[in-house]
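The structure under discussion appears below in the form of structure tokens.
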Amino acid sequence: MTDADGPSGWIGKPVKRVEDARLLAGRGRFIDDHQPWPDLHHAAIVRSPHAHARILGYDVGAALAMKGVAGVITGHDVARATRPFAIGVTAPVQYYCAATDKARFVGEPVAVVVARSRYLAEDAAEAVVVHYEPLPAVVDVERALEPDAPVLHEAVGSNLAGHRRLVYGDPDRAFAEADLVIRERFRYPKYASTPIETYGVIARWDEAEGVYTVWANFMGPFIMHPLTARALGVPEDRLRLIVPADIGGSFGIKASLYPYMALIALAARSSGVPVKWIEDRREHLLASSSGTDRVADRELAARKDGTVLGMRYRWLDNVGGYLRSPEPGCSFRPTGNFVGPYRFQHLEVDASVVMTNKSLTGPNRGYACGHLYFETEGMMDRLAERLGLDPIEVRRRNLVQPGQFPYRTPTGGLYDSGDYPAALDKAVELSRYAELRREQAAARAAGRWFGIGVALAVDPSVSNMGYLSIALDPQSRAKPEYLPKSGAIEAATIRVDPLGRIVAVLGTTPQGQGHQTVVAQIVAHELGLRPEDVTVVDEMDTFTRFWSISSGTYSSRFGSVGTSAVALAARKLGAKLVAYAAHLMERPVAEVELRAGAVRPRAGKGPSYSIKDLAGRAHWNTQSLPEGMEPGLSASAIFGFTGSDAVDEHDRVNSSNTYGFIAEIMAVEVDPETAAIRILRYATVHDAGTIINPLIAEGQIYGGALHGLGGALYEELEYDAAGQLLTGSFMDYLVPTAAEAPVIDIAHVVSPSPLTPLGSKGLGESSSMTVPAVIAGAVSDALAPLGVRITELPMTPTRLWALIERARGAAGAARR
């Protein structure tokens, strides 16, 4: 709203984060700051030192005899008192919150000690003796599928947890009619998110009420709440989950916190005292969660003019020792955008989910999209190279066109809006692409390794819960007991207090994204107020907040579905204020409007009623309300997407609800002496629909870029052949710092979504999906004179140096 008499509209304004004053002053309330009950005890987790070992028994007597110890639970107790977690495939994988029969990765919980302090608990944990029978381990995803490989789960009979072959269109025909076929193999690393705050859980069992109360820095509750309640053997209304207002980052990783919620809850019940557990950094790297490592084979069929006819994908996704929900999302989360921004209609996806003796996987920023675009954009570069086309041009020829939106992909995705060519053109302009090519020519003439990379991506947001069922074949989904899954909803409530102050209440569990700031902007915009007039309460308590199995902050949900619920609630409240004021003015509703914080006549002069005035009247004189109007000034809204349907009989699903777009161009130089990569220019253009707060959007883009840069250049959870983690501290597991952060030129193309009230889409995954692809393309281009193509990440100096030396050796041998 805009008005000369009052505040201007707040959508699109770079409002500074209201959260920061509190956080910078040290007044944040993170999970370890909470002590909700007296007599709070602390837990230490005993973890397996073996990657694969049968558990023969436990000696806990010495630990129980130690001063201050309140109890010890073991895997045997877990097996007796809980159920295995439900998983999304039919394979009989039994996954509990602690190892019950075998340990299947180094760091898997095998026992928990509860004591009066963390120090006492840690000392007592060292006194717990677990008797193991070590077994052969397997960590390589291809080796795990060989007939003689060690089998992790005897009930499954192999290490294959799930397999689907998905066929869309007629890929066989596309490949038969192609002028050329290109094949390549890619390897993507297992890496994590390393949030500043690690996992934390505080739990209590109330015997009289039969209620578990669990505090956790979780991203949910979403579907993990009912899974945890089921594992603990209680109805969902007997598990109260409370999420604090402040969470020190997640980036997907904390979606996998729920097994620890069950484990610490069980420890609290068994020991009879409330229990706190705060994960240390080694535990986090060793056993929390990570993205999956993947081996992928790609085939591309094309005409000689560069038109892509079809592709074949073959994935081996390594999920570690167990399959844990929401896996196998690593294979199927981006189903709707499998084809990316390209128009080809023929696709075959052969996806295998494989278990090995590594730690477990789950959502990591951009959930599976980093893998997808590393492969797809690599194939587009190879196509351009084969045809002698510029990599920009070969992409242009295959893009979905503006007039085709809303665009239905062959896999069922519904791209709601966009102008992909315009975004690509802006990236070309922003990067000064023609100038970069001239610089490259000069650099190559001087013997320097200068390269330019291009990456395009469709940016999906707001998971449709229905995508989870793509892991099941149509026959399984056709059974009477199958429950179709669909939808994505969120709720908000806005109320006015007697003095006219606005309070907005949500349960979207922010992890540092600035939800309070954005919500205040939206409410102020809709009601003609200032953001400082709005108080935002954004905490989750499953006993007091609205929530559903899709509720929480993940999959960039807030920017689309959370903001939409807020906007709708504000509009409902605004309509109520208008109706009330019109009644007081004795005028038809159509003759008045809410403008600049007051209800005024649309034309001419007359009395006006500020929101503060209306609030006072409504609270203190309820008889002044018009007949039929509910007392109180509040409004609630639940927003859900249409088209968020279940998987159909042809394995098609609109796996997300809004789809943005990213176009990136990067120039790098590779040092011939050290193989170090220096980023010379990095331009990124995003279409996330309406940008509500440009400052916060820019922060998300920078954060996503650094996250992707970590996986592309530095980060990998490496294991030896025996399954021992080699990168269990920040001395070995390298992450980018401010010193490695490049300057990023950012621009936007705005294609408002027709599906959301504000036209907004998600932006939280952002460049984490594209940076691995764009920098791999740039380094490949830099090393093209040597014949080196990047097919494996991360590009550490050691790995890149080995590639360069091998290419030099091959060139020398050819000359001889």
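The values are calculated or read from the model by the stated rules, or taken from the named source; none is laboratory data. It should be emphasised that the depicted structure is a prediction, and the values quoted were computed from it without experimental measurement. Cβ: placed from backbone, ideal geometry, glycine included. Neighbour counts: every protein chain shown. Side chains included, ligands, DNA and RNA excluded: accessible areas come from the protein's heavy atoms. Shrake-Rupley method; radii C 1.70, N 1.55, O 1.52, S 1.80 Å.
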statement: Residues other than ARG386 with Cβ under 11 Å of its Cβ, Lys/Arg counted +1 and Asp/Glu -1, net out at -1
The stretch 16-115 - percent of accessible surface contributed by carbon and sulfur, probe 1.4 Å: 53 percent
field: Inter-label distance for LYS16 and GLU649, nm, one decimal - labels placed 7 Å from Cα along Cα-to-Cβ
entry: 6.1 nm
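Given the convex hull over the Cα atoms of the stretch 618-685, what projected area results after averaging over all orientations, in nm²? Let's see the in-between values first.
Working: hull surface 52.3 nm².
The number I arrive at for the stretch 618-685 is 13.1 nm².
Report the semi-axes of the equivalent ellipsoid for the stretch 646-746 in whole Å, largest first, where each axis is √(5λ) for an eigenvalue λ of the Cα gyration tensor. Mind showing how you got there, number by number?
Numbers: eigenvalues 183, 121, 40 Å².
Its equivalent ellipsoid spans semi-axes of 30, 25, 14 Å.
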- prompt: To the nearest 10 square angstrom, how much accessible area does PHE543 have with a 1.4 angstrom probe?
  reply: 90 Å²
- prompt: Which helices, taking whole DSSP H runs in the chain, have alpha carbons extending 15 angstrom or more along the helix axis plus mean Kyte-Doolittle at least 1.0?
  reply: 771-782
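With N residues in the stretch 163-289, what two-decimal value do you get for its Cα radius of gyration over 2.2 N^0.38 Å? Before the final figure, lay out each step's value.
On the way: Rg = 21.4 Å, N = 127, 2.2 N^0.38 = 13.9 Å.
Relative to the rule-of-thumb radius for its length, the stretch 163-289 sits at 1.54.
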Helix-only [θ]222 nm of the chain, DSSP H runs n ≥ 4, -39500 (n - 2.57) each, per residue, nearest 500: -8000 deg cm²/dmol
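I want to verify the translational diffusion coefficient of the stretch 732-776 in µm²/s; compute it with Stokes-Einstein, Rh as the Kirkwood radius over Cα pairs, at 10 °C and 1.306 mPa s.
Numbers: Rh = 13.8 Å.
Rounded to a whole number, D works out at 115 µm²/s.
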message: Along the Cα→Cβ direction, 7 angstrom out, place labels at GLU435 and GLN475. What is the inter-label distance in nm?
response: 6.1 nm
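With a cut-off of 8 Å between alpha carbons and a minimum separation of six or more residues, what is the relative contact order of the stretch 533-666 in percent? Show your work: numbers first, answer last.
Working: 101 pairs, mean separation 26.9, N = 134.
In percent, rounded to a whole number, it is 20.
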- line: Cα pairs beyond 20 Å in the stretch 513-627, in percent, come to 50 percent
- prompt: Hey, with R₀ at 35 Å, roughly what FRET efficiency would LEU734 and ARG444 work out to, going by the Cβ-Cβ distance, to 0.05?
  reply: 0.70
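Counting only protein heavy atoms and a 1.4 Å probe, tell me what percentage of the stretch 204-347's accessible area is made up of carbon and sulfur. Please report the intermediate quantities before stating the final value.
Numbers: 1550 of 3270 Å².
Roughly 47 percent of what the probe reaches on the stretch 204-347 is carbon or sulfur.
Which loop GluC sites (Glu not before Pro) in the stretch 434-496, with loop taken from DSSP, have no more than 12 other Cβ atoms within 10 angstrom of their Cβ? Walk me through the intermediate numbers first.
Values: sites: GLU435, GLU439, GLU481, GLU490; in loops: GLU481.
Hits after loop and neighbour filter: GLU481.
How big is the C-alpha Rg of the stretch 231-307 next to the rule-of-thumb value 2.2 N^0.38 Å, as a ratio? Each step should come with its number before you reach the end.
Details: Rg = 20.9 Å, N = 77, 2.2 N^0.38 = 11.5 Å.
Ratio of Rg to 2.2 N^0.38 Å for the stretch 231-307: 1.82.
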field: Cα-derived Rg to Rh of the stretch 712-816, Kirkwood definition
entry: 1.12
message: Considering just Cα atoms, how many Å³ per residue does the convex hull of the stretch 66-108 enclose?
response: 110 Å³
task: Report the equivalent ellipsoid semi-axes for the stretch 156-236 in whole Å, largest first, defined as the square roots of five times the eigenvalues of the gyration tensor built from alpha carbon atoms.
output: 47, 20, 13
- prompt: Can you give the % of DSSP beta bridges in the stretch 486-555 that are antiparallel, to the nearest 5?
  reply: 45 percent
field: Of LYS254/LYS572; LYS276/LYS485; LYS13/LYS612; LYS67/LYS254; LYS426/LYS485; LYS16/LYS761, those spanning more than 27 Å from alpha-carbon to alpha-carbon
entry: LYS254/LYS572; LYS276/LYS485; LYS67/LYS254; LYS426/LYS485
- request: Check the straight Cα-Cα distances from LYS102 and name the lysines below 19 Å, setting aside those fewer than 8 residues away within the same chain.
  value: LYS358
- prompt: How do 64-72, 409-417 rank on mean C-beta neighbours within 10 Å, highest first?
  reply: 409-417, 64-72
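Run the numbers on the stretch 457-572 and let me know its relative contact order in percent, using alpha-carbon pairs under 8 Å that are six or more apart. Provide the component values of the computation, followed by the final result.
Numbers: 170 pairs, mean separation 39.1, N = 116.
In percent, rounded to a whole number, it is 34.
When each pair of different Cα atoms in the stretch 34-78 is counted once in the 1/r mean, what is the Kirkwood radius in angstroms, to one decimal?
One over the average 1/r among Cα pairs gives 13.2 Å for the stretch 34-78.
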message: With equal scatterers on the alpha carbons only and no solvent term, can you work out the Debye log10 of I(q)/I(0) for the stretch 588-630 at 0.22, 0.24 1/Å?
response: -0.82, -0.93
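Set the Förster radius R0 to 22 Å, insert the Cβ-Cβ distance between HIS34 and ARG83 as r into 1/(1 + (r/R0)^6), and round the FRET efficiency to 0.05. Kindly include the intermediate steps, with their values, before the conclusion.
Numbers: r = 28 Å, r/R0 = 1.29.
After rounding, the FRET efficiency stands at 0.20.
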- line: Sorted list, accessible surface of protein heavy atoms, 1.4 Å probe, largest first, for LYS102, LYS605 is LYS605, LYS102
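From the Cα trace of the stretch 317-391, what convex hull volume per residue do you get, rounded to a whole Å³? Could you put the intermediate results ahead of the total?
Numbers: hull volume 8.6 nm³, N = 75.
Per residue, the Cα convex hull of the stretch 317-391 comes to 114 Å³.
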Largest-first principal axis extents, alpha carbons of the stretch 97-234, Å: 71, 38, 34
